[in-house]
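I have placed the structure first, in the form of structure tokens, so that the comments after it can refer back to it.
The values are calculated or read from the model by the stated rules, or taken from the named source; none is laboratory data. The structure presented is a predicted model; accordingly, all values stated were derived computationally and were not measured. Using ideal geometry, Cβ is built from the backbone for each residue, glycine included, and neighbour counts are taken over all protein chains shown. Remember, those area values only see protein heavy atoms, side chains included, never the ligands or the DNA or RNA. Shrake-Rupley method; radii C 1.70, N 1.55, O 1.52, S 1.80 Å.
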Amino acid sequence: MAYFDYEVSAEVYPSRRYAKTSKQRYRRFGNAAEAIQFMIEIVSSPSLAGSFLEVDERRYEGEAIRALYDADEYPLLRRKIAA
């Protein structure tokens with residue numbers, strides 16, 4: 001994967017299909033790492049379908065967000081998630 005700056009601000013755009021609760025609404029984060037953590041650890045998997053993360057005018061969806069979370073460079077502690 002190309003270099004990704006986890007420290008820049010990021011925006012989360014929920015899928016319109018699931019944007020009905022406070023967890024699934026547009027959010028702005030001070031850094032991309034926190035936005036990625038929110039999407040993987042807080043938002044439920046079905047709600048991720050159609051949602052995307054925007055960082056430096058680039059969009060990331062589904063597997064790309066998961067890859068950023070799983071990358072060795074990811075700076076935050078990961079919470080154990082049930083399989």
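Quick notes on this structure:
- Amide H contacts of residue 27 (H built 1.01 Å from N, in plane; Pro and chain starts excluded): 12 sit under 5 Å, all sequence-distant by 5 or more or on other chains.
- In this label model, residue 61 and residue 41 are separated by 2.6 nm, measuring between points 7 Å along each Cα→Cβ vector.
- Solvent-accessible ranking of 7, 57, largest area first, probe 1.4 Å: 57, 7
- Local electrostatic count, residue 60, Cβ distance below 12 Å [Lys/Arg +1, Asp/Glu -1]: -3
- Charge sum, other residues only, whose C-beta stays under 13 Å from residue 71's C-beta, Lys/Arg counted +1 and Asp/Glu -1: -3
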